[in-house]
Amino acid sequence: MNLRIPGPTPCPEEVLLAGAHQMMNHRGPEFAQVLRRVTDGLNWMFGSSSDVLSITTSGTGGLETAVVNTLSPGDKVLSVSIGSFGDRLRNIAKTYGAEIVPYTLEWGEAAKPAEVARLLDENPGVKAVLVTHNETSTGVTNPLEAIAKEVRARDRLIVVDAVSSMSSVPCPVERWDLDVVVSGSQKGWMVPPGLAFVYMSERAWAANAEAKMPRFYFDAAKTRDSLAKLQNPWTPAMSIYFALDKAFELMRAEGLESIFTRHEAIASYTRERVKSWGLSLVPVEEQYASNTVTAVWWPEGIDGKALSKRAREEFGVVLGGGQGKLEGKICRVGHLGWVNKQDVSDALDIVEKLLGEAKPTA
Ligand SMILES: *Cc1c(COP(=O)(O)O)cnc(C)c1O
């Protein structure tokens, strides 16, 4: 099976085998060592000098953690949404009683830092900006560093969904001066689903002390205090920690720069290949096209769903479809985590063949 959806992503066999480790006392010294090593790995990847939290939940649970630990009901937030995950982050904040100032773009577009600046100037009461780094539904990566500069210059908090970017493309949390940054294990980390990672800056911890949104399981202070004793407050998904411990060995051996350039090269290959067939990318401006997932419009008159079904059933190639209003209209090819150019070119060979067969001959 060539699994080319943008998460869950394939895992190296040695990582899966590491995950099959026998259970141990999750509050004992042996697991404490695993948690220490994994946290060191997270700090390394996030570019953080304080400990990144890991929580047993999916990426969405990480986003909920970010929101409820920094805000109070009635707080004004600027929600930057360029697709379905941006909408999700906004809806979490709304659910917990935040007042939303929306900055919503057409799907395929990237957010404009100058517009974020303008909206913040126009809304001095906005406490935090919610933004998706890499919008997995449209294959667009926001210019996060530039957005963060505008937010920082106006002294607001910036809460970032980096679920499908962190570990695959650069997102150095301290260098870019971000406040809350969330990722999820099944995207670029070469491990199965089950853990979310949450970085919080000192400013975010100060906000946490005042934040009144209700929280229990996702109380970041509980996780931080347990982590100081090298424990989790609740029973963690230990198997994913075992797997991630091994995955960090592989990531450190490859090195950050090589990981980033590998993703960049595979993404650029993917874009060139689909463009050479005459297809259009979903990202309106290619400079913002994602290096972890390529989203492309199916050509007019092609039944994308039927084509994907054939790719899966006849050739074992599993493609991502469109979410929400893009369902049936676009194809998404995931190229993040444990991926090489051959995996992607094999999948694209099949898509090319099926497109050729589906096209009426001229
Ligand atoms: C996958 C994803 C999520 C949600 O993750 P779940 O693990 O499915 O809860 C959130 N944001 C982005 C950008 C994602 O790609």
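If a residue has to be within 27 Å of Gly322 (Cα to Cα) and open to solvent by 10 Å² or more (accessible area, probe 1.4 Å) to count, how many in the stretch 62-75 make the cut?
Residues meeting the conditions: 1.
Is it the case, given these coordinates, that Asp155 is open to solvent by 50 Å² or more (accessible area, probe 1.4 Å), of a type outside the set (A, V, I, L, M) and in a helix (DSSP H, G or I)?
Values: open to solvent by 50 Å² or more (accessible area, probe 1.4 Å): yes; of a type outside the set (A, V, I, L, M): yes; in a helix (DSSP H, G or I): no.
No, not satisfied.
For residues in the stretch 182-241 being among the polar types (S, T, N, Q) and within 13 Å of the ligand (Cβ to nearest atom), which is nearest to Gly86 (Cα to Cα)? So that I can check it myself, show each step before the final result.
Step one: of the stretch 182-241, the residues among the polar types (S, T, N, Q) are 183, 185-186, 201, 208, 223, 226, 231-232, 235, 239.
If we keep only those that are within 13 Å of the ligand (Cβ to nearest atom) as well, we get 183, 185-186.
Values: Ser183: 14, Ser185: 19, Gln186: 19 Å.
For the stretch 182-241, the residue satisfying everything is Ser183.
What are the residue pairs meeting all of these: first residue in the stretch 133-144, first residue open to solvent by 10 Å² or more (accessible area, probe 1.4 Å), second residue more than 7 Å from the ligand (Cβ to nearest atom) and among the aromatic types (Phe, Trp, Tyr), Cβ atoms under 8 Å, and 6 or more apart or on different chains?
Pairs that qualify, where the first residue is open to solvent by 10 Å² or more (accessible area, probe 1.4 Å) and the partner is more than 7 Å from the ligand (Cβ to nearest atom) and among the aromatic types (Phe, Trp, Tyr), are Thr141/Tyr288; Pro143/Tyr288.
Gly324 - would you say it is open to solvent by less than 70 Å² (accessible area, probe 1.4 Å) and on the phi > 0 side of the Ramachandran plot? Reasoning before the result, please.
On the way: open to solvent by less than 70 Å² (accessible area, probe 1.4 Å): yes; on the phi > 0 side of the Ramachandran plot: yes.
So Gly324 fits the description; yes.
Every residue in the stretch 349-362 that is open to solvent by less than 30 Å² (accessible area, probe 1.4 Å) and over 16 Å from Met1 (Cβ atoms), please.
Within the stretch 349-362, Leu354, Leu355 meet the criteria.
Could you please find all residues in the stretch 208-222 being under 26 Å from Asn134 (Cα atoms) and open to solvent by 10 Å² or more (accessible area, probe 1.4 Å)?
Asn208, Phe218, Asp219, listed by residue number.
Name the pairs whose Cβ atoms lie under 6 Å apart, with the first residue in the stretch 209-220 and among the charged types (D, E, K, R), the second surrounded by 16 or more Cβ atoms within 10 Å (Cβ to Cβ) and part of a helix (DSSP H, G or I), and 6 or more positions between them or separate chains?
Arg215/Val68
A quick yes/no check of all residues on (1) at pLDDT below 95; (2) of a type in the set (S, T, N, Q); (3) over 18 Å from the mean Cα position of the chain (by Cα); (4) not assigned by TED's automatic domain parsing to the domain that holds Val274:
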{"residue": "Val318", "(1), (2), (3), (4)": "no, no, yes, no"}
{"residue": "Gly321", "(1), (2), (3), (4)": "no, no, no, no"}
{"residue": "Glu327", "(1), (2), (3), (4)": "yes, no, yes, no"}
{"residue": "Leu336", "(1), (2), (3), (4)": "no, no, no, no"}
{"residue": "Val339", "(1), (2), (3), (4)": "no, no, no, no"}
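Condition (residue is of a type in the set (Val, Ile, Thr), near the ligand (Cβ under 10 Å from one of its atoms) and not assigned by TED's automatic domain parsing to the domain that holds Val293) applied to the stretch 124-135: is it met by at least one residue? Even if it seems obvious, please write down each step before you answer.
So the first thing to find is which residues in the stretch 124-135 are of a type in the set (Val, Ile, Thr), and the list is 126, 129, 131-132.
Next, from what is left, pick out any that are near the ligand (Cβ under 10 Å from one of its atoms): 132.
Next cut, not assigned by TED's automatic domain parsing to the domain that holds Val293 only: 132.
Yes.
The conditions are (1) closer than 27 Å to Val296 by Cα; (2) open to solvent by 30 Å² or more (accessible area, probe 1.4 Å); (3) within 16 Å of the ligand (Cβ to nearest atom), and Glu115 fails exactly one of them. Which is it?
(3)
Identify, please: which residue in the stretch 241-267 is open to solvent by less than 50 Å² (accessible area, probe 1.4 Å) and not aliphatic (A, V, I, L, M) and is, among those, farthest from Ser58 (Cα to Cα)?
Gly255
Return the only residue of Leu17, Leu89, Leu78 being assigned by TED's automatic domain parsing to the domain that holds Ile158 and loosely packed, with under 15 Cβ neighbours inside 10 Å.
Values: Leu89 fails: loosely packed, with under 15 Cβ neighbours inside 10 Å; Leu78 fails: loosely packed, with under 15 Cβ neighbours inside 10 Å.
Sole residue among the options that is assigned by TED's automatic domain parsing to the domain that holds Ile158 and loosely packed, with under 15 Cβ neighbours inside 10 Å: Leu17.
Looking at the stretch 1-102, what helices (runs of 4 or more DSSP H) fall wholly within it and have at least 3 residues that are closer than 30 Å to Ala347 by Cα and touching a residue at least 24 places away in the same chain (Cβ under 8 Å)? Don't jump to the end; show me each part of the working.
On the way: elements: 13-19, 29-46, 59-68, 84-95.
It comes to 13-19, 84-95.
Search the stretch 1-14 for residues being closer than 17 Å to Ala247 by Cβ and hydrophobic (A, V, I, L, M, F, W, C), and hand back the single one that is least open to solvent (accessible area, probe 1.4 Å).
Restricting attention to the stretch 1-14, the residues satisfying the condition of being closer than 17 Å to Ala247 by Cβ are 3, 7-14.
Cutting the leftovers down to hydrophobic (A, V, I, L, M, F, W, C) gives us 3, 11.
Numbers: Leu3: 50, Cys11: 22 Å².
In this case the residue turns out to be Cys11.
For the stretch 154-168, what are the residues that are over 15 Å from Glu64 (Cα atoms), among the hydrophobic types (A, V, I, L, M, F, W, C) and within 12 Å of the ligand (Cβ to nearest atom)? Outline the logic, then answer.
Step one: list which residues in the stretch 154-168 are over 15 Å from Glu64 (Cα atoms), which gives 154-157, 164-168.
Cutting the leftovers down to among the hydrophobic types (A, V, I, L, M, F, W, C) gives us 157, 166.
Residue satisfying the conditions is Met166 alone.
Out of everything in the stretch 188-233 that is farther than 12 Å from Gly61 by Cβ and among the aromatic types (Phe, Trp, Tyr), what residue ends up being farthest from the chain's Cα centre (by Cα)?
Phe216
The values are calculated or read from the model by the stated rules, or taken from the named source; none is laboratory data. Quick caveat: nothing in here was measured; it's all calculated off a predicted structure. Cβ atoms come from the backbone with ideal geometry, glycine included; neighbour counts cover every protein chain shown. Protein only, heavy atoms only, side chains kept; ligands, DNA and RNA dropped before computing areas. Shrake-Rupley method; radii C 1.70, N 1.55, O 1.52, S 1.80 Å.
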